[in-house]
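Take a look at the structure below.
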Amino acid sequence: MTPEQIKQAHRNAAACSNRLRLPLRSKVWRGSAGEFSGAGAGSSLDFQDHRDYAPGDDPRHINWQAYARTGQYTMKLYREEVRPIIDLIVDVSPSMFVEETKAQRTAELIAFFTESSLRAGASLKIHFVSGSAHREIPADAINSQRWLPIAQEVQAQDPAGELNLSALQLRASAFRVLVSDLLFPGDPNPLLTFLTHRHGTPLLFVPYLQSEADPDWEGNYEFVDPERNSRHPHRIEPRALKAYLEAYRRHFTLWKTSAQRLQILLSRIPADLDLEKALHTEALPIQALEVLS
C-alpha cells in the first residue's frame with residue numbers, strides 16, 4: 001500500500017465512525033470514570049439504590065433526608081460511569097493484503113475501530129498478529145498512518161502459521177475485536193474459546209473478496225500463496241471449481257457454527273463495497289455495530 005492509500009483509508013474510516021461504532025451501549029462496564037453505564041456504585045447523577053452506612057464510607061453520600069426521618073445513616077448509591085475496554089486484534093498475515101482492494105479494506109477496518117474507540121473514550125489496546133508472532137502497537141501509530149512497517153515486521157516473523165493468540169495479554173471484561181479473513185486451517189474452537197476467557201466479549205469482523213467467495217475461474221491460472229510467497233499454475237475445470245466452492249463454504253460454515261455455539265458475533269465484510277455499505281451487510285443487522293444517535 002502507498003502512503004496516500006493509507007491516508008485515504010483513514011479518511012474513509014473517520015467518516016464512517018461519525019455514524020457507526022461498536023455496540024458499547026449493550027455492555028455493562030466496570031472501571032474508572034467515563035461516559036457509559038457501569039455495574040457498580042459510583043458518583044454519577046443517576047441514583048441507583050441505598051444501603052446502611054458502614055465505617056469508612058464517604059460521608060458525602062450519606063442520605064441526610066433519610067437520616068432526618070429515621071435517625072439511621074444510609075448511603076446513596078449511584079450507577080457508576082466507566083470507560084469501555086477494547087482490545088483490537090488485527091491479523092496482519094499476507095493474505096490480508098494479497099490484493100489492493102482487500103488491503104484497502106483491512107486498512108479501513110484498522111482505522112475505523114481505532115478512531116471510533118478513541119472517540120468513545122475507550123481504553124484501547126491494539127495487537128498486530130501473524131501466525132504466532134505478535135506486537136502491541138500504540139494508537140497514534142494508526143492515527144499517524146505509520147502502522148504498515150510494523151505490520152510488515154510482524155508478518156515477516158511468521159507469515160504462514162495458523163493464527164495463534166494465546167500469548168496475547170488480553171484484558172478482563174473487554175470487547176475483543178478480531179479483524180481477520182480466517183483463511184487458515186484448523187479447528188476454530190480453541191481460538192474462539194480463548195477470546196471468551198476472563199469475561200471477554202469477542203466480535204469477529206472478516207474482510208473478504210468476491211473473487212475469493214465466488215470466483216468465476218475457468219482455464220489456466222497461476223495461483224499465488226501469499227503466506228509462502230509462492231506461485232502454482234493450475235488448470236481449473238468445472239469440477240475443481242465446484243470442489244473449491246464447497247471447501248470454502250464448509251470452512252466458513254464451521255466458523256459461524258462455532259461462533260454461534262459460543263454466542264460470538266461474526267460478520268463478514270465485503271471488500272468490494274464502500275466501507276459503510278459493507279458494514280451494513282452483516283455487522284449492523286446482527287448488532288455487532290450500533291448507529292450513533
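The values are calculated or read from the model by the stated rules, or taken from the named source; none is laboratory data. Predicted model, so just to flag it, every value in this text is computed and none were measured. FYI the Cβ positions are ideal-geometry reconstructions off the backbone, even for glycines, and counts take in every protein chain you see.
Taking segment 122-223 and the helices (runs of 4 or more DSSP H) fully enclosed by it, no element has 3 or more residues that are in contact with a Cys (Cβ under 8 Å, 6 or more places away or on another chain) and of a type outside the set (D, E, K, R). Residues in segment 123-170 that are of a type in the set (Lys, Arg) and crowded, with 17+ Cβ neighbours inside 10 Å: LYS125 only.
I need the strands (runs of 3 or more DSSP E) fully contained in segment 2-118, keeping only those with at least 3 residues that are within 22 Å of GLU136 (Cα to Cα) and at pLDDT 90 or above. If you could, list the steps in order and put the result at the bottom.
Details: elements: 36-41, 47-52, 74-82, 85-91.
Of the strands (runs of 3 or more DSSP E) lying wholly inside segment 2-118, those with at least 3 residues that are within 22 Å of GLU136 (Cα to Cα) and at pLDDT 90 or above span 85-91.
Taking ALA259 as the residue in question, decide whether it is surrounded by 11 or more Cβ atoms within 10 Å (Cβ to Cβ), within 23 Å of GLN104 (Cβ to Cβ) and modelled with pLDDT of 95 or more. The answer is no for ALA259.
Has segment 260-273 got at least one residue that is under 25 Å from PHE97 (Cα atoms), within 16 Å of the chain's Cα centre (by Cα) and either outside the structural domain of HIS199 (by TED's automatic domain parsing) or small (Gly, Ala, Ser) (or both)? Yes, because at least one residue in segment 260-273 is under 25 Å from PHE97 (Cα atoms), within 16 Å of the chain's Cα centre (by Cα) and either outside the structural domain of HIS199 (by TED's automatic domain parsing) or small (Gly, Ala, Ser) (or both). Listed by first and then second residue, the pairs with beta-carbon distance under 8 Å, at least 6 apart or on different chains, first residue in segment 223-250 and outside the structural domain of VAL98 (by TED's automatic domain parsing), second modelled with pLDDT of 75 or more, form an empty list. Remark: pairs (first residue in segment 113-124, in the same structural domain as ASN12 (by TED's automatic domain parsing); second residue of a type in the set (Asp, Glu); Cβ separation under 6 Å; 6+ apart in sequence or on different chains) = GLY121/GLU35.
Within segment 55-72, the set of residues being surrounded by 13 or more Cβ atoms within 10 Å (Cβ to Cβ) and under 46 Å from the mean Cα position of the chain (by Cα) comprises ASP57, HIS61, ILE62, ASN63.
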